[in-house]
1. Quick one: plug the Kirkwood hydrodynamic radius of the range 88-228 (C-alpha pairs) into Stokes-Einstein at 4 °C, 1.567 mPa s, and report D in µm²/s.
2. Given the range 146-277, report the % of alpha carbon pairs whose separation exceeds 25 Å.
3. Quick one: dipole size for the range 27-138, taken about the Cα centre, charges +1 on Lys/Arg Cβ and -1 on Asp/Glu Cβ, in debye to the nearest 20.
4. Quick one: 3J(HN,Hα) in Hz for the range 243-254, Karplus 6.51/-1.76/1.60 with θ = phi - 60°, rounded, Gly and Pro as x.
5. Can you give me the long-range amide H partners of Tyr162? Hydrogens built in the peptide plane at 1.01 Å from N, cutoff under 5 Å, separation of 5 or more residues or another chain.
6. Within the set of other residues whose C-beta is less than 10 Å from the C-beta of Thr93, count the net charge using Lys and Arg as +1 and Asp and Glu as -1.
7. Quote the relative contact order of the range 54-94 in percent (integer), defining contacts as alpha-carbon pairs under 8 Å separated by 6+ residues.
8. So what is the relative contact order of the range 112-186, in percent, for Cα pairs below 8 Å that sit 6 or more residues apart?
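Values in this text are rule-based calculations from the coordinates and carry no lab data. These figures come from a predicted structure and were not determined experimentally. Virtual Cβ from ideal backbone geometry, glycine too; neighbours counted across all protein chains shown.
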Amino acid sequence: MNTLKGNILFILGMFLFTGLHSYAQDDTEEVTFTMNLSKEKLGINERLRVDFTMNKDGDNFIPPQFEDFKVVMGPSQSISSSWVNGKRSFSKTYTYILVPTARGNFTITQATIEIDGQTYKTTPKKVEVTAAVNKPNSQKTVDDVADESLHLVAEVSKGNPYLNEAVTVIYKLYVSPNISVTNYRPLDNPTYNNFWSQDIPVTKHTAQNGTYQGKPYRYVVLKRVVLYPQKTGKLDIEPLSLEIFVDVPTNRRDFFGGRIYTQTSKTVAAGNRTINVKPLPEAGKPANYSGAVGDFDFTVTTSKTQLNASESLQAKVSVSGKGNLKLFQLPEPELPSSLEVYDPEYDEDIRTYSSGMEGKIANNYTIVPSFRGKYPIPSISFSFFNPSTGKYETINSEEINIEVIEGPTGRADFAANSSTSKQLVVPTGEQFHFININPNLTPIAVNRFFGSNMFFILLFAPLLFIPIVIFTFKKREAIASDVVGNRIKKANKLAKKFLSTAKKELGNKEAFYVALEKGLHNYLKAKLHIETSEFSKDKITNVLSEKNVDKDNINGFIALLTNCEMARYSPFSNVQMQQDYEKASEVISKLDKQL
């Protein structure tokens, strides 16, 4: 009874102490960075746990050298944050598990970290290592078991790819059979700077059996992403950080003899990965190369080869296969100037797999001939780099002859005199046969015009017409003088042009952000004439800065591109999509006025 009473008094005392301490705590909390040892004396067959704890998040953590010790685990990172009486409590810890390599007295030197621009150091601590003990180390804690049982790994398909060659990154979470994962949440998603990225959704998390460092584990694929490097040299792939909630078994049993589990959370991260991107070879590069990397087929087809004047036909220039289909431009056909050719309609059918993009892209041209004759569509060449062979390949389309059967004869009438050359047909003079040079005019009867109704209408019509002309002229002059208004109208039309597809897909997250990203890219291609293969955030920022675009507009444009990438693996609401669409219209309007 006395023991129970003492425990109650002790608990009440702890609550009172905590309340007084929280009340007296100043608003400006002092930064602390400490090193804690699990024990200062241990046997050579025991393990030593070293914790480096800070109460504010920092950067550039540098651990000690751990001389005379071997690191068997770590660094593992844990973060805790809570609110007590309106005050935030934060703690971040780096943990190492060490095994001594010799007996004696050793010193664990200081660690350093930067917090808010200042460098903090821990106090060195001494450790005594004795002979082996009979019971090395007490039972492992829940955190120790979680540290040893969770591993997040980023598997990269290629460490030395070519520029614009697909690289697949698969994030796998390895879990020991000793514990069970209940949930997880992402803490920091990689941004993939200097890469064009496409996320491959993982629809079902199925556990599979595997091994990690030679031991049996279960693993789950959490994330897949396909990257196309946009720069050469060494590029870093930022880590993915997750907070994992796990149930860890203890040695305690319940009333029925079942194992009692304890829940804890651990922060795991897939370490930084670096790939070395090779430049495309200069030797053998075709003059018409536009940045295509992969294995492709190329065709040019027409919907018909015979038609009448003023009728239309469709000419399709298409590329199909596997590679960076969204990152290069299609070649343009060289058509006779006498054919009326409309701007092409772009069409794509692309799917992204773990090995990269596959599908088909095409430009559809509408062509309308005005005169009778024969019109050749010359052969078009398409060049691409095949990374599997390490060489450039060129495909030439077949020449197509269009014959206009019926219609007026014009200067653009071509005749096919041979299979290798085309000559212009010289008109024979019959091209004006439709003009009647013998009209057979006959005199008409003389009618009285003066004093007729038509006379008075024509006489007074100018008096009525003059005010209308003056009003119309002033109206057009006012519109023309409104320079700002005209610029705004022009910019708004341009924004609607490039974002029309995105507006149609509002509510459909993936299709909307793909269309939005494509619209932003097409705007830059149309305005600045930048090759698609050069589209990186750094390149866009530099080019817009050189054009004296305001920093706020540049940041807004880059933020929209980032949202397009983040939307592939993060939940975005309809409200967010509407805001991004309105922001895109505003940014394009501002950019167009400044450019």
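1. On the way: Rh = 19.8 Å.
The diffusion coefficient I find is 66 µm²/s.
2. Working: 3047 of 8646 pairs.
Taking all Cα-Cα pairs of the range 146-277, the fraction more than 25 Å apart is 35 percent.
3. Around 520 debye, computed over the range 27-138.
4. 9, 9, 9, 10, 9, 10, x, 10, 7, 7, 10, 7
5. When sequence neighbours closer than 5 places are left aside, the close amide H contacts are Lys278.
6. Charge balance near Thr93 sits at -1.
7. Worked out over the range 54-94, it gives 49 percent.
8. 22 percent
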